[in-house]
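Report on one structure; see the data block that follows.
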Amino acid sequence: MVNVDEFIEDATASIRDQIGDEHAIIALSGGVDSSVAATLAYEAVGEQLTPVYVDTGLMRKGETEQIADTFSFMESLRVVDARDRFFDALEGVVDPEEKRKVIGEQFIREFEREAKETDAQYLVQGTIYPDRIESEGNIKSHHNVGGLPDVVDFEGIVEPVRDLYKDEVREVARALGLESIIAERMPFPGPGLAVRVLGEVTPEKVQVARDACHVVEDETEKHDPWQAFAAVIGKGTGVKGDNRVHGWIVSVRSVESRDGMTARAQELPWDTLQRIQSRITGTNENVARVVYDVTHKPPATIEYE
């Protein structure tokens, strides 16, 4: 386990050495990894850092407003509305690896655009050790590792938490005094809801996934999962009122884990599962059914893509 105080001291010194007198931007998603990276970088170089949150249209419900509020103490925070650009780039893309690469490249282009406006030479990212293991082991390409384009217009990429596991990042977050809503929040994939929508990514499918994920997080909170979410996995027939519908199938997943490298499907109570399905099908007329995923990792991964 990491020595937190020693890590914070070494990480801030390393960031300061890497960036020097130059300017940098931090890719801020609101997850614990990027939030810790942002806080470390802000302590290291202060006003030389510009936090950039990109609204991809693939984020959790209320994410953009929450990030703007939580990180308002960073006066240089920039919120970029890139929803149309991301959906345009993903049009027609169905392969999971291609999705991740498209999203990785689009992120980099957004950050390059912001870097030119702020004269930033460095990009700070919240890459953690499992991201590297899964990308380098060809399990799946993380948008900030294997999903990066070959040509990146930055003098350097700074990754202060690249050697930490998720539980270690949380320890650092607590030591840095980050709010529990950040330090303890469930992991969320870098490519966002795009990997919780099987097949082509469309605004309709993403909205179904977003609303369903909100229900799942709300209903499972008291069961303290490591991660819980919903994914749109296809279409099936159902009946609503007196009408036959061909609607979306939503799969619910809730797992227990220490660091995300392995995980066990959580045995949620039946009444919790019934409330989840009732809320999801009751609030979205285009959802025909809800299923529960009982697969561990391995053989599955935690996310669907």
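Going by what's in this entry, would Gly31 be described as open to solvent by 10 Å² or more (accessible area, probe 1.4 Å), under 22 Å from Ile157 (Cβ atoms) and not assigned by the TED database to the domain that holds Val216? It would help to see each step written out before you state the result.
On the way: open to solvent by 10 Å² or more (accessible area, probe 1.4 Å): yes; under 22 Å from Ile157 (Cβ atoms): yes; not assigned by the TED database to the domain that holds Val216: yes.
Yes, satisfied.
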Test: residue in the range 237-255 that is under 23 Å from Lys99 (Cβ atoms), among the basic types (Lys, Arg) and open to solvent by 10 Å² or more (accessible area, probe 1.4 Å): no
Criterion: open to solvent by 70 Å² or more (accessible area, probe 1.4 Å), without any contact (Cβ under 8 Å) to a residue 12 or more places away in the chain and of a type in the set (D, E, K, R) - qualifying residue of Glu9, Glu43: Glu9
Count of the range 193-217 residues which are open to solvent by less than 30 Å² (accessible area, probe 1.4 Å) and either farther than 18 Å from Gly62 by Cβ or modelled with pLDDT under 95 (or both): 6
Contacts under 6 angstrom Cβ, first residue in the range 254-277 being modelled with pLDDT under 95, partner open to solvent by 50 Å² or more (accessible area, probe 1.4 Å), 6 or more apart: Asp259/Tyr165
Flag if Val232 is of a type outside the set (S, T, N, Q), touching a strand residue (DSSP E or B) at 6+ places or on another chain (Cβ under 7 Å) and open to solvent by less than 40 Å² (accessible area, probe 1.4 Å): yes
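May I ask you to list the residues in the range 282-305 that are among the β-branched types (Val, Ile, Thr) and more than 16 Å from Pro130 (Cβ to Cβ)?
Scanning the range 282-305 gives Thr283, Val287, Val290, Val291, Val294, Thr295.
Modelled with pLDDT under 90 and open to solvent by 30 Å² or more (accessible area, probe 1.4 Å): which single residue out of Glu65, Glu117, Glu98, Glu75 fits that description?
On the way: Glu65 fails: modelled with pLDDT under 90; Glu117 fails: modelled with pLDDT under 90; Glu98 fails: modelled with pLDDT under 90.
Exactly one residue qualifies, and that residue is Glu75.
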Residue under evaluation Asp242, criteria (1) at negative phi; (2) without any contact (Cβ under 8 Å) to a residue 12 or more places away in the chain; (3) assigned by the TED database to the domain that holds Glu6, criterion not met: (3)
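Could you list, in sequence order, all residues of the range 175-188 that are open to solvent by less than 20 Å² (accessible area, probe 1.4 Å) and not hydrophobic (A, V, I, L, M, F, W, C)? Don't jump to the end; show me each part of the working.
From the range 175-188, those open to solvent by less than 20 Å² (accessible area, probe 1.4 Å) are 182-183, 187; that's our starting set.
Across the range 175-188, the qualifying residue is only Pro187.
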Among (1) open to solvent by 30 Å² or more (accessible area, probe 1.4 Å); (2) under 15 Å from Ala300 (Cα atoms); (3) not small (Gly, Ala, Ser) - the single one Arg258 does not satisfy: (2)
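The values are calculated or read from the model by the stated rules, or taken from the named source; none is laboratory data. Treat the numbers as computed from the prediction; the structure is a model and nothing was measured. Don't worry about glycine lacking a Cβ; one is built from the backbone with ideal geometry, like all the others, and counts go over all protein chains shown. Accessible surface is based on the protein model in full, side chains and every heavy atom, while ligands, DNA and RNA are left aside. Shrake-Rupley method; radii C 1.70, N 1.55, O 1.52, S 1.80 Å.
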